[in-house]
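These notes concern the structure reproduced below.
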Amino acid sequence: MKFCWSTIKVKNMEESLKFYQEIVGLKLNNRFKAGPGSEIAFLGDGETKIELFYDEEIKEVNIGEDVSWGFVVDSVDEMIKFVQEKGIPIQSGPIQPNPHIKFFFITDPNGLKIQFVENI
């Protein structure tokens, strides 16, 4: 079995695409209408793929606070500077539970926790 992608319902497709392209650095692979008032976008390369689903009738999305998506970065310190320059608040961290890993969390425009991880 192979993992395909993870899906999130989004409140605003443009805002979500901007976040995942500019902040997370994922490439837009496909974007299409999925029926009246709905749209799907796929982002990512290789084994990292996410699907954004927008439906104009959905005004709020419900994302559990215990769910997060993690992305590897070269430097947590540089990524913290980058997100702060973009006006995105740090939700928690940086945290270094052992000498080999360091990470911090922010939230995406829909309330999903995003973890940036540095393998040391």
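Coordinate-derived values only; no laboratory data. Just so it is clear, the structure is predicted and the values come from calculations on it, not from any experiment. Here the Cβ is made from the backbone with ideal geometry for all residues, glycine too, and neighbour counts use every protein chain on show.
Things to note:
- Within region 18-34, being among the charged types (D, E, K, R) and either surrounded by 14 or more Cβ atoms within 10 Å (Cβ to Cβ) or assigned to a strand (DSSP E or B) (or both) holds for Arg31, Lys33.
- Of residues in region 2-17 being part of a helix (DSSP H, G or I) and not aliphatic (A, V, I, L, M), the one surrounded by the most Cβ atoms within 10 Å (Cβ to Cβ): Ser16
- Residue that is nearest to Leu52 (Cα to Cα), among those in region 89-104 that are hydrophobic (A, V, I, L, M, F, W, C) and surrounded by fewer than 17 Cβ atoms within 10 Å (Cβ to Cβ): Ile90
- Only one entry of Glu39, Glu85, Glu51, Glu57 meets the criterion of being surrounded by fewer than 11 Cβ atoms within 10 Å (Cβ to Cβ), within 19 Å of Val10 (Cβ to Cβ) and either out of contact with any Asp or Glu (no Cβ under 7 Å at 6 or more places or on another chain) or touching a residue at least 40 places away in the same chain (Cβ under 8 Å) (or both), and that entry is Glu57.
- Residue within region 20-36 that is touching a Phe, Trp or Tyr at 6+ places or on another chain (Cβ under 6 Å), without any contact (Cβ under 8 Å) to a residue 40 or more places away in the chain and closer than 30 Å to Ile120 by Cβ present: yes
- When residues in region 44-69 are screened for being among the hydrophobic types (A, V, I, L, M, F, W, C) and not in a loop (DSSP other than H, G, I, E, B), 4 of them pass.
- Among (1) in contact (Cβ under 8 Å) with a residue 40 or more places away in the chain; (2) under 16 Å from Ile114 (Cα atoms); (3) not hydrophobic (A, V, I, L, M, F, W, C), the one test that Ser92 misses: (1)
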